[in-house]
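Novice: If you scroll down you'll find the structure; I have some questions about it.
The values are calculated or read from the model by the stated rules, or taken from the named source; none is laboratory data. Not measured: the values here are computed from a predicted model. Glycine gets a Cβ as well: all are built from the backbone with ideal geometry, and neighbour counts include every protein chain shown.
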Amino acid sequence: MDTQVVAIKGPGGKYGRPDAPNTGPWADLNQGWRGIVWDGDSTSETAYHWTMSKPDTHFGLVPGVGGWLGIDATKYSGNIGEQFYVTPDGRDRGPYESPVVYTGTLNGMLMGVVEYSDGKYPSCAFAVEVLS
């Protein structure tokens, strides 16, 4: 699959963008991890643009600041908004940064989740909107 420019929609039906470094669920590590801010009403700002690729059986989403979109719905996430993060740029993509994107929902949207192998359960879902 070639890369596509996409936007992601999550809690509240808002578009997501990376927050500042050292925010989100891994802020305490002080290594540049970023949370996701769900505050966009449109995709006119490039802060809401992500590059989506499929380097293997799973997808990878990269924001303009680098890093990978990740979702951790394990014992470390405090709430739905805190499940989402962006890794520091230059890190390898791991299992929590490898969502699956499904087609075929009733309303025709693309839906992404991380599927955890330990216990067979998914993360919070997010919508993927293809921009180009």
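Novice: Does Asp41 count as loosely packed, with under 12 Cβ neighbours inside 10 Å, acidic (Asp, Glu) and modelled with pLDDT of 95 or more?
Specialist: yes
Novice: Does Thr87 meet the test of being surrounded by 20 or more Cβ atoms within 10 Å (Cβ to Cβ) and at pLDDT 95 or above?
Specialist: So Thr87 passes the test.
Novice: So which residues in region 74-124 are small (Gly, Ala, Ser) and touching a residue at least 40 places away in the same chain (Cβ under 8 Å)?
Specialist: Within region 74-124, Ser77, Gly78, Gly81, Ser98, Gly112, Ser123 meet the criteria.
Novice: May I ask you to verify whether Ile71 is crowded, with 19+ Cβ neighbours inside 10 Å, touching a residue at least 12 places away in the same chain (Cβ under 8 Å) and either farther than 17 Å from Glu129 by Cα or out of contact with any Leu (no Cβ under 6 Å at 6 or more places or on another chain) (or both)?
Specialist: yes
Novice: Also: For region 72-132, which fully contained strands (runs of 3 or more DSSP E) count at least 3 residues that are within 20 Å of Asp2 (Cα to Cα)?
Specialist: Once the strands (runs of 3 or more DSSP E) in region 72-132 are filtered for at least 3 residues that are within 20 Å of Asp2 (Cα to Cα), what remains is 100-102, 110-113, 126-130.
Novice: Any residue in region 3-20 that is touching a residue at least 60 places away in the same chain (Cβ under 8 Å) and in contact with a Pro (Cβ under 6 Å, 6 or more places away or on another chain)?
Specialist: yes
Novice: Show the residue pairs that are 6+ apart or on different chains and have beta-carbon atoms under 9 Å apart, the first residue being within region 24-42 and on the phi > 0 side of the Ramachandran plot, the second being among the acidic types (Asp, Glu) and surrounded by fewer than 19 Cβ atoms within 10 Å (Cβ to Cβ).
Specialist: Between residues of region 24-42 that are on the phi > 0 side of the Ramachandran plot and residues that are among the acidic types (Asp, Glu) and surrounded by fewer than 19 Cβ atoms within 10 Å (Cβ to Cβ), the close pairs are Gly24/Glu82; Gly32/Asp89.
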